[in-house]
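Take a look at the structure set out below.
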Amino acid sequence: MIKDKIVEMAKNAEDLLAPFCTCRGLGLHGISHLRRVAILSGRLAEAVGEDVESAVVMGFLHDCARRNDGNDLEHPHDSAVLARGLIERFFPHLEVDRICDAIEGHAGGEVTTDPLTACLWDADRLELKRIGRTIDLELLSTKVAKRLARKRMSSLRTILKVPEKVVPQSR
């Protein structure tokens, strides 16, 4: 599946689901964050052989019930509850229990052996750069996410390199 198809799936999920999301007005955890996590989760799913549609929907809904950009400790549970109703209504063919379990556990700071769950958790953690946090490779569950994180960190180091100061020679 090409990237454009995953982006289109995320756009369709957004058009359908965004009106139900309480996070719509948030800056750090609003719709643009949901969109990026949905796309990245879908791309990770493709790489690990998981269902791309499930990963995209799950990625879009993972913070859907967030109420603020701060330490909203209830948001994983609240988002899983809201996601369950939306998935049952709009995507009844998807594995709702598996998706909601992944959403409920996404902020726990753990890794997983379940490949679909890993797509969400890794996609969300790869997004930590948007709030200035360093990505901890030990908290990524998939090899592909670890490679991507290393690549991003390497690119950032290259961008941030400051040329050595040129010291004029004395005569």
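Points 7 angstrom from Cα along the Cβ direction at Asp97 and Glu8: gap in nanometres?
3.4 nm
For the residue pair Arg67 and Ala47, what label-to-label distance in nm results when each label sits 7 Å from Cα along the Cα-to-beta-carbon direction?
Label at Arg67, label at Ala47, 3.6 nm between them.
Lys/Arg Cβ at +1, Asp/Glu Cβ at -1, dipole of the chain taken about the Cα centre: which of Ile87, Ile131, Val57 is farthest positive-ward?
Ile131
With a 10 Å Cβ neighbour count serving as the proxy for reagent exposure, in which order, fewest first, do Ser154, Ser32, Ser79 appear?
Fewest-to-most Cβ neighbours within 10 Å comes out as Ser154, Ser32, Ser79.
What nm value, rounded to one decimal, do you get for the distance between Arg152 and Phe20 when each label is placed 7 Å out toward the C-beta?
2.8 nm
List the GluC sites (Glu not before Pro) within the range 1-91 that DSSP assigns to loop and that have no more than 15 neighbouring Cβ atoms inside 10 Å.
On the way: sites: Glu8, Glu14, Glu46, Glu50, Glu53, Glu74, Glu88; in loops: Glu50, Glu74.
Here the GluC sites (Glu not before Pro) that fit, given the DSSP loop and packing criteria, are Glu74.
Gaussian network model of the chain, Cα springs within a sub-10 Å range: biggest mean-square fluctuation belongs to which of Asp72, Asp51, Asp101?
Maximum among the listed residues: Asp72.
Sort by residue number and report every cysteine in the chain with no other cysteine beta carbon within a distance under 4.7 Å.
Flagged as lacking a Cys partner: Cys23, Cys100, Cys119.
Based on DSSP H assignment, which helices of the chain show an axial Cα extent of at least 18 Å together with a mean Kyte-Doolittle hydropathy greater than or equal to 0.0? Before the final figure, lay out each step's value.
Working: long enough: 3-17 (21 Å, -0.49); 31-48 (25 Å, 0.67); 75-90 (21 Å, -0.16); 143-160 (26 Å, -0.36).
Span-like helices here: 31-48.
I need Leu126, Leu61 ordered by Cβ neighbour count within 10 Å, fewest first. Working shown, then result.
Details: Leu126 21, Leu61 29.
Fewest-to-most ranking of Leu126, Leu61: Leu126, Leu61.
Taking a point 7 angstrom from the Cα of Asp136 along the C-beta vector, which residues in the range 99-113 have backbone N less than 15 Å away?
Output list for this probe position: 106-112.
For the chain, modelled as a GNM with alpha-carbon contacts under 10 angstrom, which of Pro76, Pro115, Pro19 fluctuates the most?
Its mean-square fluctuation being the largest, the pick is Pro19.
Kirkwood hydrodynamic radius, computed over distinct alpha-carbon pairs, for the chain: how many Å, to one decimal? Before the final figure, lay out the partial values.
Numbers: mean 1/r = 0.0602 Å⁻¹.
Evaluated on the chain, it is 16.6 Å.
FYI, it's all coordinate maths here, none of it is from the lab. Source: prediction; values computed, not measured. Backbone-built Cβ (ideal geometry, glycine too); neighbour counts: all protein chains shown.
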